[in-house]
Amino acid sequence: MNPGGMKLLRRGDIYLVNFRPDRREGKAAQIHPAIIVSNNQVNAQAVLIQVMPISSNLERIFRSDVVLPNQRTELKFDSRAQVEMTRAIHVSRLIKALGFVPNDLMQIIDDRIRDHFNV
């Protein structure tokens with residue numbers, strides 16, 4: 001178990017996340033799926049992890065986005081990982097597990113992260 005008392009969180013896990021636990025109003029919906037992108041060592045010990053929001057809106061796909069076919073992720077819809085929206089969250093914001101991103105798609109996400117943050 002990690003410090004948040006949840007099962008071990010793995011890099012590539014897709015969780016439903018509450019991005020606005022304070023219930024503030026805003027343009028984006030409060031609850032979205034997201035991919036855990038922090039490494040497994042951090043995920044096992046930290047209460048803050050890095051996640052990348054996912055959107056099922058495929059009308060406009062940006063250069064940094066990664067398309068996630070639903071047949072490969074267990075999501076209900078084809079979606080896109082939004083690299084530019086990567087952020088840290090407390091593990092208590094994780095609501096429930098939804099799926100997993102396979103290694104080949106995580107490699108593409110890694111490449112986009114490196115490109116986006118110039119590392």
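Since every read-out is calculated from the coordinates, none of them should be taken as a lab result. Because the structure is predicted, anything quoted here is derived from the model rather than measured. So basically every Cβ, Gly included, is an ideal-geometry build from the backbone, and we count neighbours across all protein chains shown.
Dipole magnitude of the chain about its Cα centre, charges +1 at Lys/Arg Cβ and -1 at Asp/Glu Cβ only, in debye to the nearest 20?
Details: 17 positive and 12 negative charges, 71 e Å.
Using only the charged Cβ atoms, the result is roughly 340 debye.
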Legend entry - FRET efficiency, ARG10 to SER92 (Cβ-Cβ, R0 22 Å, nearest 0.05): 0.80
Inset, instruction - From the P(r) of the chain, can you give the percent of Cα pairs sitting at distances over 26 Å? - result: 15 percent
Inset, instruction - Could you size up the charge dipole of the stretch 74-119 around its Cα centre, putting +1 on the beta carbon of Lys and Arg and -1 on that of Asp and Glu, and report it in debye to the nearest 20? - result: 320 debye
